[in-house]
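The values are calculated or read from the model by the stated rules, or taken from the named source; none is laboratory data. In this text, all values refer to a predicted model and were calculated from it rather than measured experimentally. Because the Cβ atoms are built from the backbone with ideal geometry, glycine has one as well, and the counts that use them run over all protein chains shown. With ligands, DNA and RNA removed, areas are computed over all heavy atoms of the protein, side chains included. Shrake-Rupley method; radii C 1.70, N 1.55, O 1.52, S 1.80 Å.
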Amino acid sequence: MRIDRARFSRDEFRFFTATPTRWGDCDMFGHVNNVQFVRYYESGRLDYFHRLLELDTGPEVVNSLIIADIHVSFLRQINHPCALEVGSRISRLGNSSFDFEAAIFAEGDDEPYSTATAACVWFNYRDNQSQPIPPAQRAIIKQFEGIES
């Protein structure tokens, strides 16, 4: 999959989550293991959902989000220690799903180390089926991201 790097530069994101590397994130080659990138993206995505959309987590939650599909592109190696920032955004809103895009940056660096795209679905865990995105969350996303539709 070819990534349009201009779409994933730092100035294309409005929401950032500080995510420092840890010694245990490294593999035997001394750089951050690829699986940790997905965890960094998870931290950024959950931060976005909690701070912006005020979503709760836990076993009592009935309606929330699931990841239906995710793609990660690894562009550069990350070495420890590094003060990382995950840029996160929603780029498309559907009825019950949306596209979530993210990029990992070193603090002060405009070029990403990695990019990710994910399809997220608003989901009812009790009924085990998708649900329309609630109007309150839809309005927050549209205003924050500047999405017209």
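Scanning the range 74-115 for residues that are of a type in the set (S, T, N, Q) and in contact with a helix residue (DSSP H, G or I) (Cβ under 9 Å, 6 or more places away or on another chain) yields SER88, SER91, SER114, THR115. Taking the range 12-25, which residues are over 11 Å from the mean Cα position of the chain (by Cα), surrounded by 17 or more Cβ atoms within 10 Å (Cβ to Cβ) and assigned to a strand (DSSP E or B)? Within the range 12-25, just THR19 meets the criteria. Selection over the range 91-106 of residues that are of a type outside the set (S, T, N, Q) and closer than 12 Å to ILE141 by Cα gives a count of 6.
Against the condition open to solvent by less than 40 Å² (accessible area, probe 1.4 Å) and modelled with pLDDT under 95, how does LEU84 come out, does it pass? Against the criterion (open to solvent by less than 40 Å² (accessible area, probe 1.4 Å) and modelled with pLDDT under 95), LEU84 does not qualify. Checked against (1) closer than 19 Å to PHE15 by Cβ; (2) at pLDDT below 95, VAL61 meets all criteria but (1). Looking only at residues in the range 90-116 that are surrounded by fewer than 18 Cβ atoms within 10 Å (Cβ to Cβ) and under 12 Å from the mean Cα position of the chain (by Cα), the one that is nearest to HIS71 (Cα to Cα) is ASP99.
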